[in-house]
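Visitor: Pasting in a structure now, in structure tokens, and then I'll have a few things to ask.
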Amino acid sequence: MADEVTLMLEFQAGAPFSGRVRIALAEKGVKYDVYSEQNPRDEITKLLLQMKPVSKQLPTLIHNGRPVCESLIIVQYVDDAWKGKAPLLPSDPYQRAQSRFWADFIDKKVFEITKKIWTTKGEELEGAKKDFIECLKLLEGELGDKPYFGGENLGYVDVAFVPFYCWFYAYETCGNFSIEAECPKIIAWAKRCMQKESVSKSLEDPKKVYEFVLERRKRFGVD
């Protein structure tokens, strides 16, 4: 019996958490159905309630009728459920722990800081830009001379971080700064990731993300 896989996505252009799951599934070659903007919200809510996940958040992966929530947990699940191709987490326990640490760092630091870049102005914006560059430099240190955070192949940390790349244009435009000038290794790494079809076809056009950001800035009264 073939696996039944459904992915329920966030209602947001370039949503990085949904991007993670898309990339992981693409790396594994898993076919799936999608519930997203094309489906009425009440239909998605009904499906979520039917599955009864503890977290009613998106993205949610439904595998053979069983829901898995939270993007990083979903990526780990995908790696465990489809072991035969493109391992994302290393087999060594220490390296697995390190990968989870950096993915958690991206969730707790990068996401919160970057949101401030396009939702604030003045001193708060300048502080967010400074903090973001500091985070990127730490990630550059972890990347080192490796082509990917996972080493020679795309790995868990790459999958966790690269969906933010389609937001870089919006960050730079709203914040009036150059990420490449400050962190060239990160940009080189991101472009390397984008050469992979599993990544490029899973991420939104940066200009569409910027359009979404402009709409939100107007709604929040930033512009």
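Read-outs: derived from the displayed coordinates by stated rules, not from any lab. Here the structure is a predicted model, which is why all the values come from computation and not from measurement. Reconstructed Cβ throughout: ideal geometry from the backbone, glycine too, with neighbour counts over all protein chains shown.
Visitor: Can you compute the FRET efficiency between Gln57 and Glu123 using 1/(1 + (r/R0)^6), with r the Cβ-Cβ distance and R0 = 22 Å? Round to the nearest 0.05. Each step should come with its number before you reach the end.
Guide: On the way: r = 32 Å, r/R0 = 1.45.
My answer for the efficiency is 0.10.
Visitor: While we're here: Taking the Cβ-Cβ separation of Val34 and Tyr169 as r and a Förster radius of 25 Å, what is the calculated FRET efficiency to the nearest 0.05?
Guide: Details: r = 25 Å, r/R0 = 0.99.
For Val34 and Tyr169, the calculated efficiency is 0.50.
Visitor: Still on this structure, please answer the following. Which longest run of the chain has no exposed loop site in it, a site being trypsin sites (Lys or Arg not before Pro) in a DSSP loop with at most 14 other beta carbons within 10 Å, and the site itself not part of the run? Intermediate values should be presented prior to the final figure.
Guide: Numbers: sites that count: Lys31, Lys56, Lys83, Lys85, Lys121, Lys201.
The reported range is 122-200.
Visitor: Residue-wise, which Karplus ³J(HN,Hα) couplings in Hz belong to region 120-131, taking 6.51 cos²θ - 1.76 cosθ + 1.60, θ = phi - 60°, and x for glycine or proline?
Guide: 10, 9, x, 4, 5, 5, 4, x, 5, 4, 4, 5
Visitor: With an 8 Å cut-off on Cα pairs and a minimum separation of 6 or more residues, tell me the relative contact order of region 68-223 in percent.
Guide: Values: 128 pairs, mean separation 36.9, N = 156.
RCO, region 68-223: 24 percent.
Visitor: Same structure, new question: Modelled label-to-label distance, Glu215 and Lys109, 7 Å Cα→beta-carbon offset: nm?
Guide: Computed distance between label sites Glu215 and Lys109 equals 3.2 nm.
Visitor: Separate question: Using the alpha carbon gyration tensor of the chain, what are the three equivalent-ellipsoid semi-axes (square root of 5 times each eigenvalue), largest first, in whole Å? The partial results should precede the final answer.
Guide: On the way: eigenvalues 159, 110, 41 Å².
In descending order, the three semi-axes are 28, 23, 14 Å.
Visitor: Now for a different question. Using each residue's phi in region 208-223, evaluate 6.51 cos²θ - 1.76 cosθ + 1.60 at θ = phi - 60° and report the 3J(HN,Hα) Karplus result to the nearest Hz, with x for Gly and Pro.
Guide: 5, 4, 4, 4, 4, 4, 4, 5, 5, 4, 5, 5, 7, x, 6, 9
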